[in-house]
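Working notes, structure below.
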Amino acid sequence: MKPFRTVVVLLVLLLAGVLASQWMATTTRDLGEVFIRFAGYDLHTNVPRALLSLLLVVALFWVAWRLLSLPFRAWGRHRRKQARARLIDGLDALHAGHWQKAEKLLERASEDTEVGTIARVAAVRAAQARDDDAAVQRHLLALRERSAQAHAITAAQIALDAGRPQEALTVLDAAEAQPLPPRGLALRADALAGSARAGEAYGLLGALKQQQALAPAAFEALEIRLATQSLREATDPNVLAERWEALTKPLRLQPSVVAAYAERAAALRWEDAATRSIEQALESRWDESLVALYGRLPVGKLDSRRASAQHWLHAHPASPALLVTLGRLARQQGQWTAAQEFLHRAVAQGAGAEAWEELATGFNEAGDTASAQQCHANAVKAARGETPVTLPARDMRQEIHDAAVVEERDAHGLPRLRD
């Protein structure tokens, strides 16, 4: 239909030219004159006729060119159509798992200029599925000649899947691959995180969010992961403080992020910062893992930590992690009787292996080896999901000792820190 429309338009223009020539031949108005002498011939006409003749000559040349190039254009359309058909068939075979057939079709489709890049990318996937490293490298080399960005993204994904983040980073940072598209930025963030450079990866989150490179849920998960890792990687107190202050308020309430900061601060001897971060997070949103960490932190401040835990007990009297924390703090203060009551209460609330391990530690410190061994065995059983063995009744000397210990108790009947 397109060549037919072209011929019709040309005929209409030719008819218009003939009519215009007849009109100009009959007019008596002075429209200007044109004299042309070429190869001994003299041509004399007016300006409109000269312009019209020029247009007709150009049109004739254009028609001749179109007619001469028609077979070549038809052949080009045929090849493009074949390439698209091979691409479609190749992608369909790739989806169905016919790896060798898909790779063969996609490699042939990659000869086309328009669909060559996407065909090569799919061919790489097919070669990967066949576990043919030589074919993968051959397709990557051909892809690099077509599109540096597509090559960088594909090669980086392969390197990350193979656990080589530094190699992925080298490919993505190549000058010819810049500027990176959204997926390239996401891969670069993963590569930086895998290279223990989560602080730099966290700086890419703004660009990732602006370009909507990830779904909201995936972006939130990446943000939490990078924030947590960047805090754990901080080796200097000032760097740790800067990274913590740079986090948004919601992130500073995320349990994994708070735990990373508290553990790192405790390791750097920032005891107040470590405990305060957990206390603020728990006041905003209760979390069992943070409560358990509060008791495990390798810091002092036993009195203030136990006082805070006693305060939380009013709102969360059945919290297994809180009861274990209170038991651990009481044991570290030398109040083994109170610690036992907290820990037995924690076991009753389903605390499991951690409570039994703490009981074993306390019995060892008290010199009761038999009870300590039984608690260790119960910890193993609890970890396996088996039913622990009930501890034997305590002897008379322990009961007399317990009766001599006077503890002040709260409204829940649990030991309270004495002044």
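Laboratory data are not the source of any read-out in this text; all were calculated from the coordinates shown. Predicted model only: the values in this text are computed from it and were never measured. So basically every Cβ, Gly included, is an ideal-geometry build from the backbone, and we count neighbours across all protein chains shown.
In table form, for the structure just shown:
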read-out: Segments 145-154, 317-326 sorted - mean Cβ within 10 Å per residue, highest first; value: 317-326, 145-154
read-out: Ranking of Arg197, Arg66 by count of other Cβ atoms within 10 Å, fewest first; value: Arg66, Arg197
read-out: Loop-located trypsin sites (Lys or Arg not before Pro) in region 277-313, at most 11 other Cβ atoms within 10 Å (DSSP); value: Arg285
read-out: Distance between modelled label sites at Ala377 and Phe72, nm, 7 Å Cα→Cβ extension; value: 9.2
read-out: Residue list for region 327-356, given a label point 7 angstrom along the Cα-to-Cβ vector of Glu365 and an amide N cut-off under 12 Å; value: 327-340
read-out: For Ile158, Ile278, Ile36, order by how many other beta-carbon atoms lie within 10 Å, fewest first; value: Ile36, Ile158, Ile278
read-out: Under Karplus coefficients 6.51, -1.76 and 1.60, residue-wise ³J(HN,Hα) of region 319-327 in Hz, glycine/proline x; value: 7, x, 5, 5, 5, 5, 4, 4, x
read-out: Distance (nanometres) between label positions extended 7 Å along Cα→Cβ at Lys249 and Ala307; value: 2.8
read-out: Packing-based ranking, highest mean first, of 266-272, 55-61 given that Cβ atoms within 10 Å are counted; value: 266-272, 55-61
read-out: Net +/- balance of residues flanking Gly300 in space, Cβ distance below 12 Å, scoring K and R +1, D and E -1; value: +1
read-out: Full-stretch length increase - Ile88, Lys104 - with 0.36 nm per residue and alpha-carbon distance subtracted; value: 4.5 nm
read-out: Principal semi-axes in Å for region 195-245 [√(5λ), Cα gyration tensor, largest first]; value: 22, 10, 9
read-out: Label-point separation in nm, Gln280 to Asn238, each point 7 Å along Cα→Cβ; value: 2.1
read-out: Karplus (6.51, -1.76, 1.60) ³J(HN,Hα), θ = phi - 60°, over region 92-100, in Hz, Gly and Pro reported as x; value: 5, 5, 5, 5, 7, x, 8, 4, 5
read-out: For region 152-160, Karplus couplings with θ = phi - 60° (6.51, -1.76, 1.60), whole Hz, Gly/Pro x; value: 5, 5, 5, 5, 5, 5, 4, 5, 5
read-out: Trypsin sites (Lys or Arg not before Pro) within region 68-141: DSSP coil, no more than 16 neighbouring Cβ in 10 Å; value: Arg130
read-out: 12 Å beta-carbon shell around Arg144, net charge (K/R +1, D/E -1); value: +1
read-out: Globularity ratio of region 169-233, using Cα Rg and 2.2 N^0.38 Å; value: 1.06
read-out: Net lengthening on full extension, Ser289/Arg269 (0.36 nm per residue, minus Cα-Cα); value: 5.0 nm
read-out: Global geometry of region 234-300, whether rounded, prolate or oblate, following the gyration tensor of its Cα atoms and the 1.5 cut on a/c; value: oblate
read-out: Contour excess over end-to-end distance, with Cα ends at Ala162 and Phe61 and 0.36 nm allotted per residue; value: 30.4 nm
read-out: Region 210-333: C-alpha gyration tensor shape, a/c 1.5 cut-off, then a/b vs b/c; value: oblate
